[in-house]
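**Student:** The structure's right below; bear with me while I get my questions together.
The values are calculated or read from the model by the stated rules, or taken from the named source; none is laboratory data. The structure presented is a predicted model; accordingly, all values stated were derived computationally and were not measured. Here the Cβ positions follow ideal geometry from the backbone for every residue, glycine too, while neighbour counts run over all protein chains shown.
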């Protein structure tokens, strides 16, 4: 077909790459289409495309100039229109045709002619979506990217946000999103029977972008789809309404390793794997994929993988970029003096910059460059791990499935603990897991939903107590509930649960900032962070924010105790005045909130700002 396909992930921060787009890329490449993946400022994409149009014309008029060498200057001129940017660029000012080409494409870019139907490059444009609080940047991305597609019918929008808020996305963009997964044949083209959701991931597209996903050295997969539960706070039933009990991944891992090199870990995004009636087959397939307790990983030679894929034409843009990255890392590690001959060769062949590097030059220099990479990557075997990243259901944990899970190198075992009413089942699940050898555990703790603040404390403390008793390690990750479909809150994070308020939420966030979002096994540390008991926890909830963030400093100078004495001295009537004010977490113009002098005296402590403490806090004490 040879269609031009553009796949876009909006420029938000995220830990995992877009699996849906990686499968769609495989689909289109199987059909012979050309795929471009982009994540970043889309203005940079159209600038690059404009340069490519100009470059064709420049070479048609003068093929003696290596025009790529001047790409930074030319792009600066296209973007800013400053003639001084073209100083030293051959032909400008001397050759009337070349001069007019520069001026024409400057006008082309400035006037946004790339949006005009006759100049649109892409036959299909696909945009993925993620969290609803990324609404603004996602809608902006869709509305920009859709103008790059030749036809409105060629624009595809899908993913989490688009599935949950499909009507709102359509209203904001004019594009009707695809809801859920691409799990039936013919969803993108009528004339083939490929099921996109079952296709291997195209890891090569990640080489095309500068963005580095934190969890990059892993295979990504689902071994089940959907969930048997219908939790009120969860979007999975809408995204994956049908539970699928077993999706083998060993063949996909094998294909990915052959094409893109081995990955160390296996990251599984199943929503409820223990609900599968084929859990034993899942465990065996994980082993077949190369993840048994005895499996090890040796870092692949990424240069050789890039060469292999350049030779097969897998993704020229991505692997040219990869090679340049490897060349730079090699030079930085060894130093140009130790590899002067290599450095000179790469420089002479313009292989130290992505915009001048060519596939031909990379392949022509391969025999000379190859030996330098033979010892560049560590040959030391490393242990592999798997991670059911979304957590497993405590209500379904048994000795049998925990024994089976112990046959693969899982770390950590993540167990959801969504509300306190599950504490007996959760505690039993932890004991079963530890009894079967799982001593590295983790969990997600939902708060700000229908729970009370004290129930967050009770769940965190239960984990600390279990760590002490069972000699286990349980890391808790409190996660603030966000109503992804509520029209008043879906595009921001301002929602406050019925038992919570702004101050309590801010207190938890301030504590988690100091613990980097997780709560570990140390009992002393926990008591300091969250309080030794429930009374201490409530004290923290009402404590001025600066005294939480800079806890040791304010305690040392006695100001924390001074605040607490003043607050405790208030009468019940005065506390009924001050508590709602504190809970609103707005301490501007406190004199307008009450006339009570005792209350105002306590409120003064809340006007202390973070920067006030920083001014007197020595760097070593921070």
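**Student:** So in region 498-509, with the set limited to residues that are modelled with pLDDT of 95 or more and not in a helix (DSSP H, G or I), which one is farthest from residue 549 (Cα to Cα)?
**Tutor:** Looking at residues that are modelled with pLDDT of 95 or more and not in a helix (DSSP H, G or I), I get 499.
**Student:** Then there's this: Can you tell me which residues in region 385-420 are touching a residue at least 24 places away in the same chain (Cβ under 8 Å) and assigned to a helix (DSSP H, G or I)?
**Tutor:** Passing the criteria: 394, 395, 396, 399, 401, 402, 403, 404, 405, 420.
**Student:** Go through region 293-309 residue by residue and tally those that are surrounded by fewer than 16 Cβ atoms within 10 Å (Cβ to Cβ) and in contact (Cβ under 8 Å) with a residue 60 or more places away in the chain.
**Tutor:** 4
**Student:** So, one more: Is at least one residue of region 198-209 more than 23 Å from residue 318 (Cβ to Cβ) and over 16 Å from the mean Cα position of the chain (by Cα)?
**Tutor:** yes
**Student:** Identify, from the list 438, 423, 482, the residue that is outside any helix (DSSP H, G or I) and farther than 30 Å from residue 134 by Cβ.
**Tutor:** Sole residue among the options that is outside any helix (DSSP H, G or I) and farther than 30 Å from residue 134 by Cβ: 438.
**Student:** Residues in region 63-74: is at least one in the same structural domain as residue 122 (by TED's automatic domain parsing), assigned to a loop (DSSP other than H, G, I, E, B), touching a residue at least 12 places away in the same chain (Cβ under 8 Å) and farther than 20 Å from residue 113 by Cα?
**Tutor:** Yes: one or more hits.
**Student:** Here's a check for you: in region 552-568, which residue that is buried (at least 17 other Cβ atoms within 10 Å of the Cβ) and closer than 18 Å to residue 536 by Cα is nearest to the chain's Cα centre (by Cα)?
**Tutor:** 554
**Student:** Within region 131-143, identify whether any single residue is modelled with pLDDT under 95, surrounded by fewer than 22 Cβ atoms within 10 Å (Cβ to Cβ), assigned by TED's automatic domain parsing to the domain that holds residue 14 and assigned to a loop (DSSP other than H, G, I, E, B), and answer yes or no.
**Tutor:** Yes, there is a match, as at least one residue in region 131-143 is modelled with pLDDT under 95, surrounded by fewer than 22 Cβ atoms within 10 Å (Cβ to Cβ), assigned by TED's automatic domain parsing to the domain that holds residue 14 and assigned to a loop (DSSP other than H, G, I, E, B).
**Student:** Also, quick follow-up: Looking at residue 231, is it in a loop (DSSP other than H, G, I, E, B) and either assigned by TED's automatic domain parsing to the domain that holds residue 17 or at pLDDT below 95 (or both)?
**Tutor:** yes
**Student:** Looking at residue 468, is it on the phi < 0 side of the Ramachandran plot, over 29 Å from the mean Cα position of the chain (by Cα), at pLDDT below 95 and part of a helix (DSSP H, G or I)?
**Tutor:** yes
**Student:** Residue by residue through region 45-65, note down the ones that are under 21 Å from residue 319 (Cβ atoms) and surrounded by 13 or more Cβ atoms within 10 Å (Cβ to Cβ).
**Tutor:** 45, 48, 49, 51, 55
Conditions tested, residue by residue: (1) surrounded by 12 or more Cβ atoms within 10 Å (Cβ to Cβ); (2) modelled with pLDDT of 95 or more; (3) assigned by TED's automatic domain parsing to the domain that holds residue 507; (4) touching a strand residue (DSSP E or B) at 6+ places or on another chain (Cβ under 9 Å).
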residue: 550; (1), (2), (3), (4): yes, no, no, no
residue: 570; (1), (2), (3), (4): yes, yes, no, no
residue: 603; (1), (2), (3), (4): yes, yes, no, no
residue: 607; (1), (2), (3), (4): yes, no, no, no
residue: 611; (1), (2), (3), (4): no, no, no, no
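**Student:** Can we say residue 380 is assigned to a helix (DSSP H, G or I) and under 30 Å from residue 442 (Cβ atoms)?
**Tutor:** no
**Student:** Continuing with this model, one more query. Could you grab me the full set of residues in region 310-343 that are outside any helix (DSSP H, G or I), surrounded by 15 or more Cβ atoms within 10 Å (Cβ to Cβ) and either at pLDDT below 95 or not assigned by TED's automatic domain parsing to the domain that holds residue 364 (or both)?
**Tutor:** Residues satisfying the conditions are 314, 339.
Listed here are the residues, each with its yes/no results for (1) closer than 21 Å to residue 138 by Cβ; (2) touching a strand residue (DSSP E or B) at 6+ places or on another chain (Cβ under 7 Å); (3) in contact (Cβ under 8 Å) with a residue 40 or more places away in the chain.
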{"site": "157", "(1), (2), (3)": "yes, yes, no"}
{"site": "162", "(1), (2), (3)": "yes, yes, no"}
{"site": "169", "(1), (2), (3)": "yes, yes, yes"}
{"site": "172", "(1), (2), (3)": "yes, no, no"}
{"site": "176", "(1), (2), (3)": "yes, no, no"}
{"site": "185", "(1), (2), (3)": "no, no, no"}
{"site": "200", "(1), (2), (3)": "no, no, yes"}
{"site": "211", "(1), (2), (3)": "yes, no, yes"}
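**Student:** Also: Tally the residues that are at pLDDT below 90 and either crowded, with 18+ Cβ neighbours inside 10 Å or not assigned by TED's automatic domain parsing to the domain that holds residue 453 (or both), restricting the search to region 521-548.
**Tutor:** Within region 521-548, residues that are at pLDDT below 90 and either crowded, with 18+ Cβ neighbours inside 10 Å or not assigned by TED's automatic domain parsing to the domain that holds residue 453 (or both) number 1.
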